[in-house]
1. Using only helices, what value at 222 nm comes out for the chain when you add -39,500 (n - 2.57) per DSSP H run of length 4 or more and divide by the total residues, to the nearest 500 deg cm²/dmol?
2. Using the heavy atoms of the protein chains and a 1.4 angstrom probe, tell me the accessible area per residue for the chain in square angstrom.
3. Quantify, in whole percent, the carbon and sulfur part of the accessible surface of the chain (1.4 Å probe; protein heavy atoms only).
4. Please give me the summed charge of the neighbours of VAL168: other residues whose Cβ is under 10 Å from its Cβ, Lys and Arg +1, Asp and Glu -1.
5. Keeping every protein chain in place, order TRP66, TRP197 by accessible area at 1.4 Å, biggest value first, i.e. largest first.
6. Given a 10 angstrom Cα cut-off, can you work out which residue in GLY324, GLY213, GLY189 is the most mobile in a GNM of the chain?
7. Considering the chain as a Gaussian network with a 10 Å cut-off on Cα pairs, which listed residue, PRO182, PRO139, PRO171, attains the greatest mean-square fluctuation?
8. So how much slack lies between SER180 and SER309, counting 0.36 nm per residue of separation and subtracting their Cα-Cα distance, in nm?
Amino acid sequence: MTGTPALPRTLVVRLDSAGDVLLAGPAVRAVAAGSSYTALLCGPQGVQAGKLLPGVDDVLVHDAPWVGLEPARVSRETTRQLLDAVTSCCFDRALILVSYHQSPLPAALLLKLAGVPRTAADSEDYPGSLLDLRHRRMPHRHEARAALDLAEAAGFTLPPGDDGALRVTTPPDTTSLTGSDPYVVLHPGAAVPARAWSPDRARRAAAALAAAGHRVVVTGGPGERELTAKVAGRHALDLGGATDLRHLAGVLAAARAAVVGNTGPGHLAAAVGTPVVSLFAPVVPAERWGPYGVRHVLLGDQRERCADSRARTCPLPGHPCLDGVGDAEVLAAVAALTADTADTAGTAHAAETTTTSRRTRPRPAASLSHPPTGTGRTPGTERGAIV
């Protein structure tokens, strides 16, 4: 009579930014539900986010030279340190999560050298013996859902009652920073300038929100203090540089809504259940990177000439896709999302609402359901070195 097989020790790899790590959350929870030990391997920009994900037992860090806006130089010493760290953990399996335009094969090679016996990833490139499960993502899949598809193809499923939305561990009470009166968060910055309002446009939006009766809290990282001070002006509370990611989660969780670009804090707002007014530049597709599993309104001209260019700096005069969004659109979006959430902001993941605007001509909102949690196994799943 055989006993129950031991659950595997599993490594999840997501080497990009904090926002990318947050989008990996549903897949990480599925892996944790079927593993005895779950570790996350991420880059320096994703460490704080990784520590917020439910189900993560440990976070390993590697500054990979094949990802990021300013990739690290190739180093034999840091590579050796990674191999030693992974080897010492005795992982049975690894899931390598990458964006649709990235290759998992550099990470897969290192994991094989570190002795991980079974690796799985989405890959359009022939993996040879580097992947034991080569999975092909479904077309137009959101990044969070695509990661969960891979986890399911590898045999991991979400536990009963888990709706597959983004989630973080319970954030701290940040009333000492924000005060107790209701407020709306405006987060004006982004790591990629093309994905954010210009500072002057963000400042005018803060003033318009305040004039409409909203108490506005402006947030930003330590390197964005000058930006947040300009945007807040005399109209808003400036918390630039006052929070780490965990405390930013607390600020967002207590907000009635968050006005934010396509950046990590937008995904963090979704993870704490706060409705999102998403200022979404079309340089990457909203269907893959928009707010996930939360009520939201999508603003920004998705048909502008920069669409799908992956540009980091806006290539068009005047940043028309975002700076062309009018105050009336912003106020209408905030009003739509806060009309029934005055007493419930940040407490639940509600059904999504999406509006895409063409400058000052917003289209009607369309209701969307929670992200589906069914099987991600597709005919594109391949095991072993199959072309």
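The values are calculated or read from the model by the stated rules, or taken from the named source; none is laboratory data. Since the model is a prediction, treat every value here as computed from it, not as a measurement. For neighbour counting, all protein chains shown are included, and Cβ atoms are generated from backbone atoms with ideal geometry for every residue, glycine included. Ligands, DNA and RNA are excluded from the accessible area calculation, which covers all protein heavy atoms including side chains. Shrake-Rupley method; radii C 1.70, N 1.55, O 1.52, S 1.80 Å.
1. Details: 14 runs with 117 residues, N = 387.
So the helix-based figure for the chain works out to -8500 deg cm²/dmol.
2. On a per-residue basis, the chain sits at 42 Å².
3. 54
4. Details: positive: LYS51, ARG167, ARG246; negative: none.
For residues surrounding VAL168, the net value is +3.
5. Values: TRP66 85, TRP197 15 Å².
The ranking, largest first, comes out as TRP66, TRP197.
6. Of the options given, GLY213 has the highest mean-square fluctuation.
7. Per the Cα network of the chain with a 10 Å cutoff, PRO139 tops the list.
8. 42.2 nm
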